[in-house]
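Down below is the structure, laid out as structure tokens.
The values are calculated or read from the model by the stated rules, or taken from the named source; none is laboratory data. If you're wondering where the values come from, they're calculated on a predicted model, not measured in any experiment. FYI the Cβ positions are ideal-geometry reconstructions off the backbone, even for glycines, and counts take in every protein chain you see.
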Amino acid sequence: MKHTLSVLVEDESGALSRISGLFARRGFNIDSLAVGPAEVAGQSRLTMVVEGDDQTLQQMTKQLDKLVNVLKVLDLTRLPAVERELMLLKVSTNENQRSKIFDLVQVFRAKVVDVSDEALTLEVVGDPGKLVALEKLLTPYGILEIARTGKIALKRTSGVNTEILKTTSTTTRFPA
């Protein structure tokens, strides 16, 4: 199972190296890693996606908590959270295909950030599933390049779990 961890760390030289080293020593691959400044000066938030069972991740979380520069570790996997990712995608195009791609761009609320006679570069932000869906639809046109940031996530203050809402039909929520 894939887990999303949010790790708050002090901005110290080598903090990221110690965290990634901990996972490497245990033979775990980090599927996605995004790092940036947190809400407090001198702190950064790492959002990482790792694969493993619950027991193993619980052990890894405890070991992360013991690292010197780690301030807080939160497993967002089963918590209501807002998750986003950014993808830049360069797709091959010609005059005949361009309007079809523009239609897809609108449906996915993506932006065209560069245009040439041979290609369009798109920017799309959303949950990882949205990015995969757009990539799949654009594959027949010829994807030239892709760059993705990796998932970033924050716990929802409202406590509303939108993943549960996606699986609940409107007739069960709002009976006639």
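The figures follow:
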{"quantity": "When residues of the range 1-23 are limited to those that are surrounded by 12 or more Cβ atoms within 10 Å (Cβ to Cβ) and among the aliphatic types (A, V, I, L, M), the one farthest from V68 (Cα to Cα)", "calculated": "L5"}
{"quantity": "Positions within the range 129-149 being polar (S, T, N, Q) and modelled with pLDDT of 95 or more, in sequence order", "calculated": "T139"}
{"quantity": "Contacts under 6 angstrom Cβ, first residue in the range 137-151 being free of Cβ contacts under 8 Å to residues at least 60 places away in the same chain and not assigned by TED's automatic domain parsing to the domain that holds V49, partner outside any strand (DSSP E or B) and hydrophobic (A, V, I, L, M, F, W, C), 6 or more apart", "calculated": "L137/L104"}
{"quantity": "V40 being in contact with a Leu (Cβ under 6 Å, 6 or more places away or on another chain) and either free of Cβ contacts under 8 Å to residues at least 40 places away in the same chain or surrounded by 14 or more Cβ atoms within 10 Å (Cβ to Cβ) (or both)", "calculated": "no"}
{"quantity": "Positions within the range 92-126 being within 21 Å of the chain's Cα centre (by Cα), under 17 Å from K136 (Cβ atoms) and β-branched (V, I, T), in sequence order", "calculated": "V105, V107, V124"}
{"quantity": "Residues of the range 89-113 that turn out to be touching a residue at least 24 places away in the same chain (Cβ under 8 Å) and within 30 Å of M48 (Cβ to Cβ), as a count", "calculated": "6"}
{"quantity": "Among (1) touching a strand residue (DSSP E or B) at 6+ places or on another chain (Cβ under 8 Å); (2) in a loop (DSSP other than H, G, I, E, B), the one test that D117 misses", "calculated": "(1)"}
{"quantity": "So V105, is it closer than 13 Å to K90 by Cα and not in a strand (DSSP E or B)", "calculated": "yes"}
